[in-house]
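The values are calculated or read from the model by the stated rules, or taken from the named source; none is laboratory data. Note that the structure is predicted; figures quoted are calculated from it, not measured. Using ideal geometry, Cβ is built from the backbone for each residue, glycine included, and neighbour counts are taken over all protein chains shown. These accessible areas exclude ligands, DNA and RNA; they are computed on the full protein's heavy atoms, side chains included. Shrake-Rupley method; radii C 1.70, N 1.55, O 1.52, S 1.80 Å.
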Amino acid sequence: MGDFNGIIPIYKEKGFTSFDVVAKLRGILHMKKIGHTGTLDPEAEGVLPVALGKGTKLVDMLTDKDKTYEAVLHLGITTDTQDMTGSVLSEKEVNVTEEEACAAVKSFVGEQMQIPPMYSALKVGGRKLYELAREGQVVERKPRPVCFHEIEILEVNFPLIRFSVTCSKGTYIRTLCHDIGEKLGCGGCMESLLRTRVGSFTLSECMTLSQAEAAMADGTIPDKICSVEEALKEYPRLVCTPGGDRLLLNGNPIPETLLKCQNKEGWVRMCASSGAFAGIFMWDAKKERYYPVKMF
């Protein structure tokens, strides 16, 4: 059995579900404890960080990270899935100028309320929405707060608009495309989607499943795995004195007197006096201790 811990950034190719990637990696790496950090639709492609071993404790933390996508919006067509894989609901002429289209796309920058699509894995009444949709049902979905931090128009070639978008977790780019089409009055859906970044992981670091299989065969796979601590490198690194090691080992709160340096703003990476990473901690000003957020 494999014994890998950390994150392996995979380039998810079209046709695979995120679960397919995990299942195939279990076979390639000969290990069971694997999880992905945010679903990509089967027809979408791009960055899918996959957690291995102790790295699975990072899944919720990485799922919360901002993501960047490159999408192609197809104006004039609406579908039941909000992308080109679905059944066409309407077709209209695109009678808008390039300036009007770009202004509509840009108008979504900032905090927005988004209604999740019926074809999604969200659950209503204990059932996934896409299961209900396949039965022909449409149920009420509550709008959810999302944030589009940045949207950049890359190319306009009507009826297609290619753009880059950086957004918060839980955002549906299919729905953004649909909503832009609604705002322009001609309808719209997503033609294609490429995820270019998840947190600090980018396309340049990713490998396909076939490349992962080759790296496993030639023994270079450990070089492709990002360690748990490296995946958390955005947080300041604190090191205990030898006297703090026992508290750290047991996951206990640590006073600042048992640390070689301090940082009292947000999360920190807490390490033993040997330098070995142990977990994420956070300063509690009232109790004057660093408390564990997650131990590894």
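For the chain, which whole percent of the accessible surface, found with a 1.4 angstrom probe, sits on carbon and sulfur atoms?
Numbers: 7320 of 14610 Å².
Of all accessible area on the chain, carbon and sulfur atoms account for 50 percent.
How many times 2.2 N^0.38 Å is the alpha carbon radius of gyration of region 1-71? Working shown, then result.
Details: Rg = 11.8 Å, N = 71, 2.2 N^0.38 = 11.1 Å.
Relative to the rule-of-thumb radius for its length, region 1-71 sits at 1.06.
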Column: log10 I(q)/I(0), Debye, Cα scatterers of region 158-242, q = 0.20, 0.26 Å⁻¹
-1.01, -1.30
For region 31-157, the spread of Cα positions along each principal axis, largest first, Å:
54, 36, 25
Rg(Cα) / (2.2 N^0.38 Å) computed for region 105-189, rounded to two decimals
1.18
Between Lys294 and Ser273, what is the spin-label point distance in nm, taking each point 7 Å from the Cα along the Cα→C-beta axis?
2.9
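Just how many % of Cα pairs in the chain lie over 28 Å apart, if you round to the nearest whole percent?
Details: 21473 of 43660 pairs.
Across the chain, Cα pairs with separations above 28 Å total 49 percent.
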Say a paramagnetic label sat at a point 7 Å from the Cα of Ser227, along Cα to Cβ; which residues of region 265-296 have their backbone N under 15 Å from it?
269-280, 296
With a point put 7 Å past each Cα toward its Cβ, work out how far Thr257 is from Gln137 in nm, to one decimal.
6.1
Under 12 Å from the Cβ of Phe148, count the other residues' Cβ atoms, weight Lys and Arg +1, Asp and Glu -1, and hand me the total.
-3
Where labels lie 7 Å past Cα in the beta-carbon direction, separation of Cys147 and Glu93 in nm
4.2
Contour minus Cα-Cα span, Asn157 to Met282, at 0.36 nm per residue, comes to 40.1 nm
